Amino acid sequence: MFEGLRLQHWRTEVRADGIVVLTLDRADQSVNALSRGVLDELGQLVERLAIEKPKGAVFCSGKAAGFIPGADIKGFEEIDARGQIFDWIRSGQLLFDRIARLPFPTVAAIHGHCMGGGTELALACRYRVASSAENTRIGLPEVKLGIYPGWGGSVRAPRLLGAPAAMDLMLTGRALRASQARAIGLIDRVVEGPVLLDAAIELAKKGMQRPLKQRLTAWASNTWPARQVLANMMVKQVARKARKEHYPAPYALIETWRRTGVGNVSRALLAEAKAVSKLASGPTARNLVRVFLLMERLKGLGGKDHGIQHVHVIGAGVMGGDIAAWAAFRGFTVTLQDREMRFIEPALKRADEFYAKKIKDEAKRAETRARLQADVEGAGVAKADLVIEAIFEDAEAKQALFRKAEESLKPGAILATNTSSIALEVLREGRTDASRFAGLHFFNPVALMPLVEIVQHDRLDAETTRRLAAFCKAIDKLPVPVAGTPGFLVNRILAPYMQEAILLFKEGVPGAVIDKAALKFGMPMGPIELVDTVGLDVAASVGKIMAAFHGQPLPEGLTVEEGKRGKKDGQGLYKWENGKPVKPEVPAGYTPPEDLEDRLILPLVNEAVSCLADGTVADADLLDAGVIFGTGFAPFRGGPIAHARAEGPARLKARLEQLAAVHGPRFTPRPGWETL
């Protein structure tokens, strides 16, 4: 059947019962990302299938990691650079449409990851079978790259699942477990991994009828009247989370579906291709693709070999306790130390609550909890491959702790500090082996914040940095190596932004107005709410350190009143009730200052330029990645350096000079603007 085809990426098996099994095993990669080469070969296979007409065909993966994680993003960048996006999308559409039109049953046998183009290939098949394994995940996450499914996924998903379920899947970009995908009709059968291929072959032979309710929902929710009503509801839901000017993809998806529907497949596919290619050529998609590639770069910084099995955390406060709980959650043996058991108990309670939410299987939950052990005496130091200090910000107290830990630290173990602002040059003094002493700065809340700063100094061994980066990957965090100067990267860049917000507030600009301006720019949280969440005392402390570092006085007005430190006291710049800020109403007719956004954002960008100029990070890409993943800085803008380059460095520098003339020298452009 496939004689004469020269295949690198696909294996073929023509069975005696008439079923053809096509196994994707991409030759040049560890995963089956869909490249031009993979799709060209698939096109040849589909052409033969259409001619030979076997009794059925099964598509499966030869990779242990999973089915297909989606299109090759690096290849997509090259296609974009050549201006061939529409042709690339259209060719993929037509190939999958040929699969959908094959005159015999086709089945996708899915295990592990099945994302984006992989899910679109599965949707082009008549049936889908998935492994019940814990790592099986199925989704259409293209919206996270500033586009939406463009190889027929946005047409076929609503036809199969009904519009509500399909649009929710595409608009959120979330990944489903096999059982969840089965519940909405995306998967027809869920079986144990060892019998996945057998089940797929059986389904190709016998077929199945989908439930009547699913078929009726799919039909009714895609009628013209239903589309008009549902589209309006969807737009309102999306608008609560994302602005159209920042993230146009979800709005384009809803509008294209509302306007064209899914009845005439050829017409719907063409509309999909036009809309997705337009999005893919826009700045949001290009920046989000860049952010994705930066994330992949961070994941690959340290490789896999970290040599760490046992982690010992000293300091069971919110930060230390949550670091310990997270490391145990990710599979490490963890001992947690503090002065008395009463200081450790709250951390263990938080861990129990976290595990109850995250781990449904009771046996696995108990296993995870058993890996986290209280250790008042500190016996775990001698067993640990990594010791993390997470006590309060006092250099002398930390030095005393390090000296004590070094008495029993085993050879080869790494000693790390979670300090958020103290220079590593100060803390590394007196270390018995400074080459294995580094900063490992997590962000709060640990479970949600993806970034970890690996804080370096001039006596740190490169192998220690690599091992820590590999450890970060193992605990599902993104590492960014940074210089050990005060504030490191993220806090240093956030400090002037938060300070300016406080000064604006003290000048009488309502907090809600300040926060709204930041949200309009694309920040995930307003700076007044952020200051209260972090704590005014912490913000003031970092501010003093950074002011001293720059040789400037701290701006007046940045004072902290007793009992009014923010969220933790229930009162700060806002009053807090039930963990949420109470924002006073903005006076009627209030007009914000014309320079409000510039006063907030440009100090942050100015500090980012300074960090790049003095080598706080190795390059602009790492800086942008660190600020995006550490602060949530508007991802669609690509990071502060990308934003500065897009807006024009000369224009922004001139604007800073104008602000300095009006508001003071804190806006003076820092060194580095000329090199952009």
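The values are calculated or read from the model by the stated rules, or taken from the named source; none is laboratory data. The structure presented is a predicted model; accordingly, all values stated were derived computationally and were not measured. Neighbour counts are summed over all protein chains in view; Cβ atoms, including those assigned to glycine, are modelled from backbone coordinates with ideal geometry.
Let's see how each residue does on (1) more than 23 Å from PHE354 (Cβ to Cβ); (2) surrounded by 21 or more Cβ atoms within 10 Å (Cβ to Cβ); (3) of a type in the set (S, T, N, Q):
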position: GLY378; (1), (2), (3): yes, no, no
position: GLU393; (1), (2), (3): yes, no, no
position: ILE414; (1), (2), (3): yes, yes, no
position: ALA423; (1), (2), (3): yes, no, no
position: LEU448; (1), (2), (3): no, no, no
position: ASP461; (1), (2), (3): yes, no, no
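For the structure I just gave you, tell me whether ALA384 is in a loop (DSSP other than H, G, I, E, B), out of contact with any Gly (no Cβ under 7 Å at 6 or more places or on another chain) and either closer than 28 Å to VAL538 by Cβ or in the same structural domain as CYS472 (by TED's automatic domain parsing) (or both).
Details: in a loop (DSSP other than H, G, I, E, B): yes; out of contact with any Gly (no Cβ under 7 Å at 6 or more places or on another chain): yes; either closer than 28 Å to VAL538 by Cβ or in the same structural domain as CYS472 (by TED's automatic domain parsing) (or both): yes.
Considered against the rule, which asks whether it is in a loop (DSSP other than H, G, I, E, B), out of contact with any Gly (no Cβ under 7 Å at 6 or more places or on another chain) and either closer than 28 Å to VAL538 by Cβ or in the same structural domain as CYS472 (by TED's automatic domain parsing) (or both), ALA384 comes out as yes.
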Worksheet, complete the sentence: Scanning region 2-19 for residues that are charged (D, E, K, R) and assigned to a loop (DSSP other than H, G, I, E, B), the one farthest from ASN32 (Cα to Cα) turns out to be ASP17
Worksheet entry | Number of positions in region 368-381 that are outside any helix (DSSP H, G or I) and of a type in the set (Lys, Arg) | 1
Worksheet item: Is it the case that some residue within region 78-91 is farther than 20 Å from VAL155 by Cα, crowded, with 16+ Cβ neighbours inside 10 Å and not charged (D, E, K, R)?
Response: yes
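Please go through region 490-514 and pick out each residue that is more than 18 Å from LEU554 (Cα to Cα) and assigned to a loop (DSSP other than H, G, I, E, B). Please lay out each step first, then the result.
So the first thing to find is which residues in region 490-514 are more than 18 Å from LEU554 (Cα to Cα), and the list is 490, 508-514.
Answer for region 490-514, where residues must be more than 18 Å from LEU554 (Cα to Cα) and assigned to a loop (DSSP other than H, G, I, E, B): GLY508, VAL509, PRO510.
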Practice prompt. Please find, within region 354-367, the residue that is surrounded by the most Cβ atoms within 10 Å (Cβ to Cβ) out of those that are outside any loop (DSSP other than H, G, I, E, B) and of a type in the set (Lys, Arg).
Written response: ARG365
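Do we find that ASP595 is in the same structural domain as GLY551 (by TED's automatic domain parsing), touching a residue at least 12 places away in the same chain (Cβ under 8 Å), touching a helix residue (DSSP H, G or I) at 6+ places or on another chain (Cβ under 7 Å) and more than 29 Å from VAL482 (Cβ to Cβ) in this structure? Walk me through it before giving the result.
On the way: in the same structural domain as GLY551 (by TED's automatic domain parsing): yes; touching a residue at least 12 places away in the same chain (Cβ under 8 Å): yes; touching a helix residue (DSSP H, G or I) at 6+ places or on another chain (Cβ under 7 Å): yes; more than 29 Å from VAL482 (Cβ to Cβ): yes.
The answer is yes for ASP595.
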Discussion item. If I filter region 172-191 for residues that are over 30 Å from ALA242 (Cα atoms), out of contact with any helix residue (DSSP H, G or I) (no Cβ under 8 Å at 6 or more places or on another chain) and surrounded by fewer than 18 Cβ atoms within 10 Å (Cβ to Cβ), do I get at least one hit?
Written reply: no
Worksheet item: Of the conditions (1) under 30 Å from VAL21 (Cα atoms); (2) not in a helix (DSSP H, G or I), ALA199 fails just one. Which one is it?
Response: (2)
Worksheet item: Among ALA370, ALA384, ALA351, which is surrounded by fewer than 19 Cβ atoms within 10 Å (Cβ to Cβ), within 24 Å of PHE471 (Cα to Cα) and at pLDDT 95 or above?
Response: ALA370
Worksheet item: Of all residues in region 48-78, how many are out of contact with any strand residue (DSSP E or B) (no Cβ under 9 Å at 6 or more places or on another chain), under 25 Å from ALA268 (Cα atoms) and either small (Gly, Ala, Ser) or free of Cβ contacts under 8 Å to residues at least 12 places away in the same chain (or both)?
Response: 1
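Just to verify a result, which residue in region 225-282, among those that are of a type in the set (S, T, N, Q) and within 18 Å of THR172 (Cα to Cα), is surrounded by the fewest Cβ atoms within 10 Å (Cβ to Cβ)? Quick ask: steps written out before the conclusion?
The initial filter retains those residues of region 225-282 that are of a type in the set (S, T, N, Q), namely 228, 232, 237, 256, 260, 264, 266, 277, 281.
Applying the additional criterion that residues be within 18 Å of THR172 (Cα to Cα) yields 232, 237, 256.
Values: ASN232: 12, GLN237: 14, THR256: 19.
By that ranking, first place goes to ASN232.
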Worksheet, complete the sentence: Every listed condition ((1) closer than 18 Å to VAL586 by Cα; (2) touching a residue at least 12 places away in the same chain (Cβ under 8 Å)) holds for GLU500 save (1)
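Within region 597-607, identify whether any single residue is modelled with pLDDT under 90 and closer than 30 Å to GLY672 by Cα, and answer yes or no. Working first, answer last.
Taking region 597-607 first, the residues modelled with pLDDT under 90 are none.
No; the residues of region 597-607 include none that is modelled with pLDDT under 90 and closer than 30 Å to GLY672 by Cα.
For (1) more than 25 Å from LEU288 (Cβ to Cβ); (2) of a type outside the set (Phe, Trp, Tyr); (3) touching a strand residue (DSSP E or B) at 6+ places or on another chain (Cβ under 9 Å), each residue gets a yes or a no:
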site: GLU463; (1), (2), (3): yes, yes, no
site: ALA470; (1), (2), (3): yes, yes, yes
site: LEU478; (1), (2), (3): no, yes, yes
site: PRO496; (1), (2), (3): yes, yes, no
site: GLY508; (1), (2), (3): yes, yes, no
site: VAL513; (1), (2), (3): yes, yes, no
Worksheet entry | Total residues in region 492-514, condition surrounded by fewer than 24 Cβ atoms within 10 Å (Cβ to Cβ) and under 20 Å from PHE443 (Cβ atoms) | 0
Item to complete: Please state which of the following conditions GLY543 fails to meet, knowing it meets all the rest: (1) crowded, with 16+ Cβ neighbours inside 10 Å; (2) without any contact (Cβ under 8 Å) to a residue 40 or more places away in the chain.
Response: (2)
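For region 515-534, enumerate the residues that are in contact (Cβ under 8 Å) with a residue 12 or more places away in the chain, assigned to a helix (DSSP H, G or I) and out of contact with any Asp or Glu (no Cβ under 9 Å at 6 or more places or on another chain).
Restricting attention to region 515-534, the residues satisfying the condition of being in contact (Cβ under 8 Å) with a residue 12 or more places away in the chain are 515, 517-518, 520-534.
Then keep just the ones that are assigned to a helix (DSSP H, G or I); that gives 515, 517-518, 520-521, 527-534.
VAL531, ASP532, THR533, VAL534, listed by residue number.
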Item to complete: Would you mind telling me which numbered condition in (1) surrounded by fewer than 20 Cβ atoms within 10 Å (Cβ to Cβ); (2) in contact with a helix residue (DSSP H, G or I) (Cβ under 7 Å, 6 or more places away or on another chain); (3) part of a helix (DSSP H, G or I) PRO158 fails?
Response: (1)
Worksheet item: Quick one: would you say ALA405 is at pLDDT below 95 and more than 32 Å from the chain's Cα centre (by Cα)?
Response: no
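So, in region 620-665, how many residues would count as being in contact (Cβ under 8 Å) with a residue 60 or more places away in the chain and not in a helix (DSSP H, G or I)? Working first, answer last.
Of region 620-665, the ones in contact (Cβ under 8 Å) with a residue 60 or more places away in the chain are 621-640, 642, 646, 659, 662-665.
Applying the additional criterion that residues be not in a helix (DSSP H, G or I) yields 632-634, 638-639, 664.
Summing the residues that are in contact (Cβ under 8 Å) with a residue 60 or more places away in the chain and not in a helix (DSSP H, G or I) in region 620-665 gives 6.
Here are ALA166, ALA181: which of them is without any contact (Cβ under 8 Å) to a residue 40 or more places away in the chain, in a helix (DSSP H, G or I) and not acidic (Asp, Glu)?
Working: ALA181 fails: without any contact (Cβ under 8 Å) to a residue 40 or more places away in the chain.
Going through ALA166, ALA181 in turn, the sole match is ALA166.
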Practice prompt. Could you list, in sequence order, all residues of region 577-592 that are hydrophobic (A, V, I, L, M, F, W, C) and either on the phi > 0 side of the Ramachandran plot or part of a strand (DSSP E or B) (or both)?
Written response: VAL582
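Where in region 262-348 are there helices (runs of 4 or more DSSP H), lying fully within it, with 3 or more residues that are within 24 Å of HIS441 (Cα to Cα)?
Numbers: elements: 265-280, 283-299, 318-329.
In region 262-348, the matching helices (runs of 4 or more DSSP H) lie at 283-299, 318-329.
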Worksheet entry | Residue count, region 221-244 (criterion: without any contact (Cβ under 8 Å) to a residue 60 or more places away in the chain, in contact with a helix residue (DSSP H, G or I) (Cβ under 9 Å, 6 or more places away or on another chain) and of a type in the set (Val, Ile, Thr)) | 1
Response to the item:
The condition from (1) on the phi > 0 side of the Ramachandran plot; (2) crowded, with 18+ Cβ neighbours inside 10 Å that CYS125 misses is numbered (1)
Item to complete: Go through region 92-122 residue by residue and tally those that are surrounded by fewer than 24 Cβ atoms within 10 Å (Cβ to Cβ) and among the acidic types (Asp, Glu).
Response: 1
